[in-house]
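Undergrad: My questions will all concern the structure given below.
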Amino acid sequence: MTSYKGACFCGAVEVEVSGEPTAMGYCHCRSCRSWSASPVNAFTLWKQEQVKVTKGAEHLGAYQKTEKSDRKFCCLCGGHVLTSHPGLGLIDVYAATIPDLPFQPQVHVNYAETILPMRDGLPKLKDFPAEFGGSGEVVGE
Ligand SMILES: [Zn+2]
Ligand SMILES: [Zn+2]
């Protein structure tokens, strides 16, 4: 099975993902923007059993503003590592955290909140897909 290694900004925390992600894309929501301090978040979603923290788990801090997202970061460097979405049973390992993974985005979510329109021809969802509890509504680029 294919696997990809990743690390936090300082390298103290290492993660490994294996197999194929459930989904890859861009999130334009305000929460991603605020937490990542960037205009969009490039996400890759994995099932819990596909994600392993292989080093430095003791350095992982957690912050849970809502029950939907359990955010993990390195306490040494402040680098973001992943966000667990318990309700979906999926973990977002940021594309930037696993640079060797060929990032093949399929969709933009929460595009209604965008501050950085990206005219790449991919589908733009107003919020989330219906199967993730959203409206599934497609909006223009
Ligand atoms: Zn670190
Ligand atoms: Zn988001």
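The values are calculated or read from the model by the stated rules, or taken from the named source; none is laboratory data. The structure presented is a predicted model; accordingly, all values stated were derived computationally and were not measured. Counting neighbours? That spans all protein chains shown, and the Cβs are built from the backbone with ideal geometry, glycine included.
Undergrad: Looking at Ile98, Ile91, which is the one that is touching a Gly at 6+ places or on another chain (Cβ under 8 Å) and crowded, with 19+ Cβ neighbours inside 10 Å?
TA: Ile98
Undergrad: Mind checking which residues of segment 29-57 are in contact with an Asp or Glu (Cβ under 7 Å, 6 or more places away or on another chain) and aliphatic (A, V, I, L, M)?
TA: The one that is in contact with an Asp or Glu (Cβ under 7 Å, 6 or more places away or on another chain) and aliphatic (A, V, I, L, M): Leu45.
Undergrad: If a residue must be away from ligand 2 (no atom under 15 Å from the Cβ) and modelled with pLDDT under 95, how many such residues does segment 18-69 contain?
TA: 1
Undergrad: Turning to a different aspect of this structure: Test Cys74 against the stated conditions and say whether it is surrounded by 17 or more Cβ atoms within 10 Å (Cβ to Cβ) and within 16 Å of ligand 1 (Cβ to nearest atom). I'd like the intermediate steps shown before the answer.
TA: Numbers: surrounded by 17 or more Cβ atoms within 10 Å (Cβ to Cβ): yes; within 16 Å of ligand 1 (Cβ to nearest atom): yes.
Judged against the criteria, Cys74 is a match.
Undergrad: Can you tell which of Thr66, Thr22, Thr54 is away from ligand 1 (no atom under 16 Å from the Cβ), over 24 Å from Leu122 (Cα atoms), surrounded by fewer than 17 Cβ atoms within 10 Å (Cβ to Cβ) and β-branched (Val, Ile, Thr)?
TA: It is Thr66.
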